[in-house]
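Have a look at the structure below before the remarks.
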Amino acid sequence: MKRQYRLISLLLFIALVASTACFASEGSGEGGRQIWDMVWRVINFFILGALLWKLLADKIKKYFGDRRVEIAEMLEEADKAKIDAEQQYAEYQRKLENIEQDIKEIREAIMGELENEKIRIIEEGKAAAERIVEQAKWSAEQEVVKAKNTLRNQVVDMAGDMAASLVTKSMTPDDQKRIVEEYLDKVVKEN
């Protein structure tokens, strides 16, 4: 603070000496008034400068100090971001270097899975074919049994029809009477 007052005092002294020297050489006429006018303007300028310095010096110092800190923080953040970006770049470079090997490994894994899937599908197809063959055999056997039963029933029906026609042709009324009596005796004995 003392330094500021010394500087202001020195500047005022220089301005007064310069104005006095000018006044002395010119004389006291019209030129003298112009010199005093000039001196007062210089004095007013230095007073205004001193007042502004007094009122605004702390704020200006604080502003530039804060700005310096802000710029330092921004530079520090930029350095950190640069370091992070370089690390990411290095990581991506490592990944790119290994990408061919990774692609080869993935391709081999997929081919292995496809081969396993192919084998599984073939095995399932064989199992399904065996089931179909077994089912067809069983169905064929059932059809044979059904056909045999149908033929047997037809033969029995035909034999029954033939026997009935033979019996009716060869049976006399006395035979019919005798059969009915035998049947009735048999029913009576069972009850």
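The values are calculated or read from the model by the stated rules, or taken from the named source; none is laboratory data. Keep in mind that this is a model prediction, so the values were computed, not measured. Here Cβ is always computed from backbone atoms with ideal geometry, including for glycine, and neighbour counts include all displayed protein chains.
For the range 159-187, a residue qualifies if it is of a type in the set (S, T, N, Q) and in a helix (DSSP H, G or I), and the qualifying residues are SER165, THR168, SER170, GLN176. Could you go through the range 134-147 and let me know if any residue there is loosely packed, with under 10 Cβ neighbours inside 10 Å and part of a helix (DSSP H, G or I). The answer is no, given that none of the residues of the range 134-147 is loosely packed, with under 10 Cβ neighbours inside 10 Å and part of a helix (DSSP H, G or I).
Hey, any hits in the range 47-63 for a residue that's surrounded by 11 or more Cβ atoms within 10 Å (Cβ to Cβ), modelled with pLDDT of 90 or more and either among the aliphatic types (A, V, I, L, M) or within 30 Å of LEU11 (Cβ to Cβ) (or both)? So far as the range 47-63 goes, yes, one or more of its residues are surrounded by 11 or more Cβ atoms within 10 Å (Cβ to Cβ), modelled with pLDDT of 90 or more and either among the aliphatic types (A, V, I, L, M) or within 30 Å of LEU11 (Cβ to Cβ) (or both). When you look at SER165, is it modelled with pLDDT under 85 and of a type outside the set (Asp, Glu), yes or no? Yes. Of all residues in the range 50-68, those satisfying the criterion of being over 51 Å from the mean Cα position of the chain (by Cα) and of a type outside the set (A, V, I, L, M, F, W, C) are LYS54, ASP58, LYS59, LYS61.
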